Structures are given as structure tokens and as C-alpha cells.
1. For residues that are among the small types (Gly, Ala, Ser) and more than 19 Å from residue 128 (Cα to Cα), scanning just the range 37-72, find the one that is farthest from ligand 1 (Cβ to nearest atom).
2. Can you tell me how many residues in the range 321-331 are modelled with pLDDT of 85 or more, of a type outside the set (Val, Ile, Thr) and touching a Ser or Thr at 6+ places or on another chain (Cβ under 9 Å)?
3. Can you run down the residue pairs with Cβ atoms below 6 Å, 6 or more apart or on separate chains, where the first is in the range 103-127 and farther than 20 Å from residue 72 by Cα and the partner is within 16 Å of ligand 2 (Cβ to nearest atom) and at pLDDT 90 or above?
4. Return a yes/no flag: does the range 259-267 have any residue that is outside the structural domain of residue 383 (by TED's automatic domain parsing) and either part of a helix (DSSP H, G or I) or within 16 Å of ligand 1 (Cβ to nearest atom) (or both).
5. Do any helices (runs of 4 or more DSSP H) lying entirely in the range 287-389 carry at least 2 residues that are more than 27 Å from residue 213 (Cα to Cα), and which ones are they?
6. Answer yes or no: is there a residue in the range 93-104 that is away from ligand 2 (no atom under 16 Å from the Cβ) and more than 27 Å from the chain's Cα centre (by Cα).
7. Out of the residues in the range 144-174 meeting the condition of being assigned to a loop (DSSP other than H, G, I, E, B), in contact with a helix residue (DSSP H, G or I) (Cβ under 8 Å, 6 or more places away or on another chain) and not hydrophobic (A, V, I, L, M, F, W, C), tell me which one is modelled with the lowest pLDDT.
8. Considering only residues that are more than 9 Å from ligand 1 (Cβ to nearest atom) and surrounded by fewer than 17 Cβ atoms within 10 Å (Cβ to Cβ), which ones fall in the range 96-106?
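The values are calculated or read from the model by the stated rules, or taken from the named source; none is laboratory data. Everything numeric here is computed off the predicted structure, so don't read it as measured data. All Cβ positions, even for glycine, are placed from backbone atoms using ideal geometry, and neighbour counts span all protein chains on display.
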Amino acid sequence: MDFNLRFKLAILSVTLLSCGSNSSAPTNRNEAGSRDSSPPCASGLAAFEKNLYKPILRTTCLDCHDAAGPGPSHSTIDPAASYAMIKTYVNFGELSQSRIIQHVQTKHWVNYDPSATGCSVADMTTALQNWWDEGEKDCPSSQTTQTSTTLIPAHLPLFPQESFVPMTWKLDSLGEAFVGAEFQVEIQQLAIPTSTSAGAYRLRKPRIATPQAGISIDGIHFFINGKLQDSANGWEHLGAQIAGHESNRADIFDGSPVLSGREQIVLQDQASGDSLSVTFSGIQVIAKPVCKDLSVFQAKVLPVIHQLSCVGCHSGGAPGGFNGSAKLLLTGSDADICSAVRERVSFSVGEPSPFMQIGFLQSNDHPPVDQAPQTFNQDWQSWVMGEAK
Ligand code: HEC
Ligand code: HEC
């Protein structure tokens, strides 16, 4: 087991202990709400204020969701703060799966004030739909575009087995630009639920396959049974720019890059029958991404790729299970190789690039390779900075 995972398991057991002792404690959503510090999208904010904020949130939810609580402060005097927070409760792809609808459905307010009226599910659904139609759908960053839900397979390989199974979502429902696109992760069972502790899933190798020339994506969040899982935020800053690949390959994901070399733990919600949906932030169609700084790549990165014999297994020639070329081809012109590597770079500050994580640090059970020279990290960074311009 790699160190990273050992560390995560340690955190997980702490999380489980605290969940076990007080499983009904309300989650503090303030962090989730303030997570997005970028300026809100004007059209989305305006439609939010008109359809939801003024007529519902600041009218009937206010009593309990203003700054002083007792509920999470999602309806305060600051519409932008409210907007950022409420967005984490909404699944625009499947409104009925939204946490906010579920909270309206249960009329949770009567637990705190029997005379509170709240609002109806129909009114809330209409408000959310109008918010989307009248502005939110045009927000590039609000591509809080969420997939439909997919049932987690019933009998997953159990850790510490090395096998995973793929889980796939078709992205057609995200809009015209995503017809034919698919998202995939590999999943296994990390821990089985017991009478005293929650179970957990272990996810890795997120990938998007698209017929478009290119897609850029900021991050991924997981919703389990319609609820945003705050702790499953390891992939929220991917900063990837990927190219589309021909769909005539044996597997539609062949050639499509991993978006992170790190793993993601998702806590199990129910004893069985959990379903997952995925929200993509900042997902957009872009022109085919190509290398901007080929000469730096040739001088600083390519020689190390050759020196460490990465090409052998990534050129289609290597035998059987050691053949890494279906997913990553390091053949063709220097510009081709540069582009393939660039798709596995993270342009988010502080986020490790999957190319480095997997190829050089052997995450995701990558076959062992020789150590890169001491200076490589710096050379890599200087190339990535040129590409990010
Ligand atoms: C009488 C008080 C009260 C009223 C009125 C009220 N809520 Fe709540 N709400 C709470 C409390 C307390 C919590 C936290 C505990 C819980 O989840 O039940 C909460 C939680 C929530 C959550 C879940 C937040 C999270 O972090 O999971 C949502 C969503 C929500 N409320 C939406 C609304 C909406 C929308 C309205 C207005 C239509 C509303 N509430 C009206 C008291 C209230
Ligand atoms: C011994 C054979 C072998 C060698 C040598 C090798 N790889 Fe790999 N590589 C693989 C296999 C097998 C995979 C897994 C492919 C899969 O997920 O199906 C892989 C996957 C990868 C991935 C993930 C690609 C993706 O998008 O899924 C990266 C990045 C990578 N290798 C980089 C490197 C780098 C950099 C080197 C040289 C330092 C290297 N590899 C050397 C066999 C090898």
C-alpha cells in the first residue's frame, strides 16, 4: 500500500469514529459555500435573486437560515454568498435529486418551529428550473453540470485486492456539446460497513472521453444518493485540458487521459444500493489543446522520458499486461508526444500533474521505473509554466 493511501486510511478511521458517535449532526455547509471564491456569474446570480433568493429564501427560509442560524447560513443578506452556497445543494441535471428539494420534501422546518410554513416542492422545483433557464445555464463556471445517477455495482472487489471495476456515466444530459461524451472512474470497496463504522469506496483514474476537439475542466464533485459529499473533494481542482480522441477505438476511453493521479475516497451512505452522480465545475468545449512550448519540452522533458525508457511500454510494442500504450501513446513526432503529455498536466496551482504522479511517482499501481534526475522537478515546472501562458 502506498504511503498516501495509508495516510488517507488513517484519516478515514478518524472520520468514521466521529461519524459513529454523532451520526445525525448537521453538516456545516459554510465551508462548502465559501469554497468558490471566484466572482459569481452575473446572469446566474440575477436569475437566482429573482426566482429563488427574494421570493423564497429571504421570505420563508430566512428565519432559520440567516447568519445566526440555527440552520446553515445559506440565506443571508449577501446574495452572492447565498448563491455560492445554494449551488452546492442543487443538481441541475436532475432537480429531484437536489439536497434542497429533499429538505423541502421532508418539511424539515417543522422539527424546529411547528408553525413554520416553508415552501412546497412544486414551488421550489419551479424556482430552481427558472433560475437555470433564465441565467444559470449560460454561466461557464456554473457548469455545475451534473450527470444522472449511476448505481454502484453490488459486488465490488474488496481492498486490499488490486482489482477495480469501471463505472461509467454518459454525459449527453449535460447538453448538446457533450453528446457522445462519457465519464469513467475505477472503483473498489475500501471498507465494508460494520455495526459501528461506515463503509467506504476507493476511486481512481477519472477520465472523460469526448468526440469534441477539446475540453477543459476545473474539477469534479461527487454526490452520493443526491447529497454532496464534502469530504470527497480531492478532485475539485483538476485544471485539465484534454483532447478528443477518435471513437473507433476498442474502448472509447483509450487515449483519453487520466485527470488525476490521486485517489478519492467516498464514504458509503447506505448499507446497499448507493448511487453516485458527478458534478463537473468549469467544464467547457475548447479548441484542440496543443503544445505551446515545444522547444522547452524537447530540451527539458523529452530527454528524461527517453532516459527512463518510458516509450518502450507506451509505444504499442510491449507485451501483454505491461502495455501502457492503449491509454498513453508516446510515439510520433515530438509535438505529438508533447501534446500527449500536456493532456496529463494539471494547470491548477498546487495540484500534482497526473503524468508526474503516475509515471514518475508510480501512483495507480504503475509499473516501477527508474528514478528521474534530481533536477527534473524544476525542469518540468518550467515547461508547465510555459504551457500555462
Ligand atoms: C424553522 C427553521 C427552519 C426553516 C424555516 C427552514 N430551515 Fe432549512 N434547516 C434548518 C435547520 C436547523 C437545518 C440543519 C439541520 C437539518 O438539516 O435538518 C436546516 C437544513 C437545511 C438544509 C440542508 C443543509 C445542509 O447542509 O445539508 C437545506 C438545503 C435547507 N435547510 C433548506 C431550507 C429551505 C430552502 C428553507 C425555506 C423554504 C428552509 N430550509 C427553511 C431549519 C430551518
Ligand atoms: C513496464 C512498462 C511501462 C513503463 C516502462 C512505463 N509505463 Fe506508464 N504505464 C504502463 C501501464 C501498463 C499503464 C496503465 C495503462 C492503463 O491504465 O490501462 C501505464 C500508464 C501510464 C500513465 C497513465 C496514462 C493514462 O492517461 O491513463 C502515465 C501518465 C504513464 N504511464 C507515464 C509513464 C512514464 C512517464 C514512464 C517513464 C518514466 C512510464 N509510464 C513508463 C506501463 C509502463
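1. Only one residue fits best here, namely 38.
2. Residues meeting the conditions: 2.
3. From residues that are farther than 20 Å from residue 72 by Cα, there are no pairs.
4. Yes, there is a match, as at least one residue in the range 259-267 is outside the structural domain of residue 383 (by TED's automatic domain parsing) and either part of a helix (DSSP H, G or I) or within 16 Å of ligand 1 (Cβ to nearest atom) (or both).
5. The helices (runs of 4 or more DSSP H) meeting that bar are 302-307, 376-388.
6. Looking for residues that are away from ligand 2 (no atom under 16 Å from the Cβ) and more than 27 Å from the chain's Cα centre (by Cα), one finds none in the range 93-104, hence no.
7. Per the stated criteria, the residue is 144.
8. Selection gives 96, 105.
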